[in-house]
Amino acid sequence: MSVDARIRTTVGSFEIDVHLTCAPGETVALLGPNGAGKSSVLRTIAGLHGLDQGRIEIAGNVVDDSAAGIHLPAERRRVGFVFQDYVLFPHMTVRQNIGFGPRSTGLDASGVDHWIDALGIADLADRRPSELSGGQAQRVALARALATDPQLLLMDEPLAALDAATRIEVRGRLRHHLAEFRQGTVIVTHDPLDALVLADRVVVVENGRITQDGPTAQVAAEPRTEYLAALLGVTLFRGSAASGTIACVDGGTLIASDTHAAGDVVALVRPQAISLHRERPEGSARNTWHTTVTGIDAHGDQVRVHLAGPPALVAAVTPAAVAELRLAPGEKVWASLKATDVSVHPA
Amino acid sequence: MRTPAPRLLIALAMVAFAFLALPLIGLLLSAPWGQMTELLSTPAARDALRLSLVTSLMATAITIVLGVPLAWVLARREFRGRALVRGLVLIPLVLPPVVGGVTLLAAFGRRGLVGQYLYDWFGIQLPFSTAGVVMAEAFVALPFLVITVEGALRVMDIRFEDAARTLGASPTRVLLRVTAPLIAPSLVAGAVLAWARALGEFGATITFAGNFPGVTQTLPLAVYSALEVSREEAIALSVVLLGISFAVLVSLRGRLLGGRG
């Protein structure tokens, strides 16, 4: 495990009690509303906030153990931390910012150039943080954290400081950069879209407790708390887009009305947007499939119909429609989806 | 769009400004400009200038060496009685300087709390010595540096230090490479204010160190003594002090005059 943290701590009078893990190479999103305690969990793992009770292991080394009285100071934990709004040292150039960690730990400086190149910031190296855009500052902050060769990367709301347009672009690029990092990454965010695009696994934190923990697509499809349900309840597809056609990683294609996205994307589809038909549907829907029902389950006043695809789909219909269409596992059915109902996000 | 102002307010503001400006104008108009070089090159004047410069710079150095750690402790450490400590630190700001001199005598005088041992064991006598001048000046100047630096430490985003720590920097490295550069402008401002206060020190100095030409007679003391003999010399020395004050103001204009930072 990159990190295995059992944390019990208090911030003011607010109690936090979570058990969080992250495997090497895995990206975990800590998703939750503002004030849920996500950032405090991150700060506790980094050693910037004290632990009341519990045990934290980073890459197999115990850095906190309340029972054994172990508390390693932040500077000896080998954790990379990307702060919200980045906190670049204003009196240093970009290169000096990135070199600060290696110089502090006695690491050789070759990592500095590697990350400057990897993050495409070579032409910014001599600038001061005040001369950087939000997206550039984010890349510098990431390079600075990675240059110390950390065993674990922690990112606190890495996209919150960016405006909407930059955010989409940076989010897509961030996923690529994280793919280069072989250790675990934990990202704190209050934006479900950040979690869906960036994370392999989503851990939902509400009121200082974990309320859901599962693979991203599963959490997206089956949100278990009201907070999440209001935001999610979508089917997630990873694929690559070219002029509006998305070739899904798990097979099949989706046609989207957004023709600008190119390369790796995450496509989101609301189950309510998929219509089911006995006969081949006529009309304007750009996506139609003749597919097999693989399962049916009731979901409140809706019924979720799972379809084989490809790609595998979930349609939400009324109980009346299930009867009318005589839907049952193994039955063939036509499904249709309008291109405007496929939302595409660069990843 | 300017807000309309009551006329009485404007009138009083003009009186206030005149009240502050007229004495300065008076000093400059009555200055014996033709004899300046001559008046300032008397042995007494040169001794006072040299002594003032040396003692005020030494006092400033002491306030930096001792004041920065004190400011850091007040800003960053929670401990019982912190409010009391901060209150005590600020006392020299509001204490009449003469009383400050008396308290220094009580502590470091030949029969003082600490002074008796300094004298009995080491033969060190601080009152009425040049070292005493430095002490008196440091005593009144220290609070200026401490409050300026402490304020800067409090306002500074603590996450800069957090970031440095997660990057593996030891506490000393965080202090020297991150905290110190970030508060440097305030440290400079605090040091300049402390120096200006030390340079102008009169009450505590004359009480604790006396008024001996060449040993403890600094510029303000020389002005006071000169007034009894030569008004011209007093004015000439005053012009020098005014010039230094003006230079201090200019160097701190961004911070004190609300101009660009």
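With both residues required to sit in the stretch A:152-243, DSSP beta bridges show an antiparallel share near 55%. Taking the Cα centre of the protein assembly as shown as origin and assigning +1 to Lys and Arg Cβ atoms and -1 to Asp and Glu Cβ atoms, the resulting dipole is close to 1040 debye. Within chain B, the whole DSSP H helices whose Cα atoms reach 24 Å or more along their own axis and whose mean Kyte-Doolittle score is at least -1.0 are B:7-30, B:43-76, B:130-155, B:180-200, B:231-251. Counting only DSSP beta bridges whose two residues both lie in the stretch A:85-216, roughly 55 percent are antiparallel. Semi-axis lengths, largest first, of the ellipsoid equivalent to the protein assembly as shown are 71, 27, 21 Å, with √(5λ) applied to each eigenvalue of the Cα gyration tensor. Once the Cα atoms of helix A:94-105 and of chain A are each reduced to a long axis, what angle between those two axes, in degrees from 0 to 90 to the nearest 10, is obtained? Approximately 70 degrees, to the nearest 10.
Within the stretch A:260-344, the GluC sites (Glu not before Pro) that combine a DSSP coil assignment with at most 11 other C-beta atoms in a 10 angstrom radius are A:GLU279, A:GLU282. Here the dipole of chain B is about 1020 debye; that uses its Cα centre as origin and unit charges on the Cβ of Lys and Arg (positive) and Asp and Glu (negative). Taking all Cα pairs closer than 8 Å and separated by 6 or more residues, the relative contact order of the stretch A:3-235 comes to 27 percent.
The amide H of A:VAL266, built 1.01 Å from its N in the peptide plane, has A:HIS345, A:ALA347 as neighbours under 5 Å, considering only residues 5 or more places off or on other chains. In a fully extended conformation the segment linking A:ASN61 and A:ILE296 would gain 80.0 nm over its present Cα-Cα distance, using 0.36 nm per residue. Looking at the protein assembly as shown, the DSSP beta bridges with both ends there are about 80 percent antiparallel. Computed from Cα atoms, the angle from the helix A:134-146 axis to the main principal axis of chain A rounds to 60 degrees.
Using C-alpha pairs under 8 Å with a sequence gap of at least 6, the mean separation divided by the residue count of the stretch A:215-347 gives a relative contact order of 28 percent. Note on chain A: GNM, Cα springs under 10 Å; of A:GLN302, A:GLN218, A:GLN183, the largest mean-square fluctuation is that of A:GLN302.
Note that chain A, at 10 °C in a medium of 1.306 mPa s, gets a Stokes-Einstein diffusion coefficient of 73 µm²/s from its Kirkwood radius over C-alpha pairs.
Of all the options B:GLY132, B:GLY168, B:GLY109, the one that moves most in a Gaussian network model of chain B with Cα springs shorter than 10 angstrom is B:GLY168. What number, rounded to the nearest 500 deg cm²/dmol, is the helix-based mean residue ellipticity at 222 nm of chain A, given -39500 (n - 2.57) per DSSP H run of at least four residues and division by all its residues? Result for chain A, helices only: -7000 deg cm²/dmol.
Relative protection proxy for B:170-183, A:28-41, from highest mean packing down: A:28-41, B:170-183 (other beta-carbon atoms within 10 angstrom). For chain B, relative contact order (Cα pairs under 8 Å, six or more residues apart, normalised by length) works out to 29 percent.
Legend: mean number of C-beta atoms from other chains within 10 angstrom of residue C-beta atoms, peptide A:89-98, equals 3. For trypsin sites (Lys or Arg not before Pro), the sites in the stretch B:72-128 that DSSP calls loop and that have at most 10 other Cβ atoms within 10 Å are B:ARG77, B:ARG80, B:ARG111. Of all the options B:ILE147, B:ILE124, B:ILE235, the one that moves most in a Gaussian network model of chain B with Cα springs shorter than 10 angstrom is B:ILE124. Along the axis of the charge dipole computed for the stretch A:3-235 (Cβ charges of +1 for Lys and Arg, -1 for Asp and Glu, origin at the Cα centre), the listed residues A:THR93, A:MET155, A:GLY47 are led at the positive end by A:THR93. Shown here is the pair-distance distribution of the stretch B:36-256: with all Cα-Cα distances grouped in 10 Å bins from zero up to the longest one, the shares run 8, 28, 31, 20, 10, 2, 0 percent.
Rounded to the nearest 10 degrees, the angle from helix A:164-180 to the longest Cα principal axis of chain A is 70 degrees. Across peptide A:75-85, the average count of Cβ atoms from other chains found within 10 Å of a residue's Cβ is 4. Charging the Cβ of each Asp and Glu at -1 and of each Lys and Arg at +1, and nothing else, the dipole of chain A about its Cα centre rounds to 200 debye. Under the combined filter of DSSP loop state and at most 13 neighbouring Cβ atoms within 10 Å, the stretch A:159-260 retains none of its GluC sites (Glu not before Pro).
Every number in this text was worked out from the coordinates using simple rules, so none of it is lab data. Only a predicted model underlies this, so the values are computations on that prediction, with no experimental measurement involved. Positions of Cβ are backbone-derived with ideal geometry, glycine not excepted, and every protein chain shown enters the neighbour counts.
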